[in-house]
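Below is one structure; the comments refer to it alone.
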Amino acid sequence: MNKLKERLLAVRWGGHSLISLYISLLSGLVLGLQYNPAEPSYSVATIELVVPFGFFWRSLHYYSSQFFFLLLLAHLAAVLWENRVPFSRTAWLRLSAAVLIALLLLFSGYILRGDATGDAAGAITENILRSVPLFGKPLNQLLADLSSAGLRKIYLHHIAGLVLLGGFCLWPHLRRYSALWRNHAALIVVTLAVAVVLKAPLDQERFGLLHIGGPWFFLGMQELLRHLPPFWAGIALPAIPAAALLFLPAQGRARTACLLLLAAWLAGSFALSGIAAHSILTTR
């Protein structure tokens, strides 16, 4: 067990995630020059058909973003497992918030696709935001407002707001640790190969919100939304693990309790995701 722990902790999870982020940003810049939030579906189709190697750039952005988020979670798990890095409370809040921002970036990217999955994700987002007591309407107008602004606000948050906020949260950490491209050659080759072989998904069929297969990280919440009101499924319950992570104690029984809470929530999320995936597959 100790040898396994040493091997897993020896992996450069943070460096891998940072390289994946760089690839995602560079490929996203190429796509952003061609994307029009006023005509999202047409823009995506144009990118794949007209832009040179358009399908490759779109796939590269899609898969590098997925790798970034997964490797970031692995890096977080390694940090929690090792529990040797002395973070101040402010530094930990910023780093933990960066994980949540990465999730929002990934989710907003799904909305910007403009396909069936993106439309469903956008509609669900608006319903969740509007369900917040007292502040639902202004919150939706600030963050989404898809019914009147289309995807313009989501696009602005995706390319500017969330990126700048994530950079602010990560900057002190990035100043201490760097990642060299030559040290992550295997990851780069795998990412490029996946982008060449596997085309990024684009779901043009409309099955209805209950039968759309949302992002893999959203399936658990999608299943909850079938049984609970939007506020409880989309705000209250996800806020519990987020708060446990943000305010994770440095040591003691309180830390153990928070980690157990996170583990239990993840187990429940995996179970709900499995139920949702099975329901979608059997429906189709």
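The values are calculated or read from the model by the stated rules, or taken from the named source; none is laboratory data. These numbers come from a predicted model, not from an experiment. We place every Cβ from the backbone using ideal geometry, glycine too, and count neighbours over all the protein chains shown. SASA here: full protein model, heavy atoms, side chains in, ligands and nucleic acids out. Shrake-Rupley method; radii C 1.70, N 1.55, O 1.52, S 1.80 Å.
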Original post:
Pulled fully out, how much extra length does the chain show between Gln251 and Asp203, if you take 0.36 nm times their separation in residues and subtract their Cα-Cα distance?
Top reply: 12.7 nm
Subject >> Percent accessible area from carbon and sulfur atoms, the chain, protein chains only, probe 1.4 Å >> reply: 70
**OP:** For the chain, with a Gaussian network of springs between Cα atoms less than 10 Å apart, report the residue from Leu248, Leu262, Leu49 with the top mean-square fluctuation.
**Re:** Leu49
**OP:** Give the calculated FRET efficiency between Leu142 and Arg7 to the nearest 0.05, with a Förster radius of 41 Å applied to their Cβ-Cβ distance.
**Re:** 0.35
Original post:
What would the Debye formula give as log10 I(q)/I(0) at q = 0.28 Å⁻¹ for the alpha-carbon point model of region 1-61, no solvent?
Top reply: -1.07
Original post:
His157 accessible area, nearest 10 Å², 1.4 Å probe?
Top reply: 50
Original post:
Could you work out Rg/(2.2 N^0.38 Å) for region 63-108, with Rg from alpha carbons only?
Top reply: 1.23
Original post:
Hey, what D do you get for region 106-261 in µm²/s if you plug the Kirkwood alpha-carbon radius into Stokes-Einstein at 4 °C and 1.567 mPa s?
Top reply: 70
Original post:
Just how many % of Cα pairs in region 18-168 lie over 21 Å apart, if you round to the nearest whole percent?
Top reply: 50
**OP:** Over the chain, average the accessible area per residue using a 1.4 Å probe and give it in Å², no decimals.
**Re:** 56
Original post:
By Kyte-Doolittle mean hydropathy of at least 0.5 and Cα axial length of at least 20 Å, which whole DSSP H helices of the chain are selected?
Top reply: 13-32, 54-82, 89-112, 162-176, 253-283
Original post:
What is the extension gain from His173 to Ala160, computed as 0.36 nm multiplied by their sequence separation minus the C-alpha to C-alpha distance, in nm to one decimal?
Top reply: 2.7 nm
**OP:** Treat every Asp and Glu Cβ in the chain as -1 and every Lys and Arg Cβ as +1, leave all other atoms uncharged, and give the resulting dipole magnitude about the Cα centre to the nearest 20 debye.
**Re:** 1000
Original post:
To the nearest Å, what is the center-to-center distance of region 121-183 and region 68-101, using C-alpha atoms only?
Top reply: 19
Subject >> Förster radius 25 Å - calculated FRET efficiency between Ala123 and Thr282, Cβ distance, rounded to 0.05 >> reply: 0.65
**OP:** Considering only protein heavy atoms, with the full assembly of protein chains and a 1.4 angstrom probe, order Lys153, Lys199 by accessible area, largest first.
**Re:** Lys199, Lys153
**OP:** Evaluate 2.2 N^0.38 Å with N set to the residue count of the chain, then give the Cα radius of gyration divided by it.
**Re:** 1.03
Subject >> For Ser59, net neighbour charge (Lys/Arg +1, Asp/Glu -1) across residues whose Cβ lies under 12 Å away >> reply: +1
Original post:
In nm, what is the difference between 0.36 nm times the number of residues separating Arg89 and Ala243 and their Cα-Cα distance?
Top reply: 54.1 nm
Subject >> the chain - mean residue ellipticity at 222 nm from DSSP helices (-39,500 (n - 2.57) per run, n ≥ 4, rounded to 500) >> reply: -23000 deg cm²/dmol
Original post:
Of Trp171, Trp92, which has the most accessible area and how do the rest follow, probe 1.4 Å?
Top reply: Trp171, Trp92
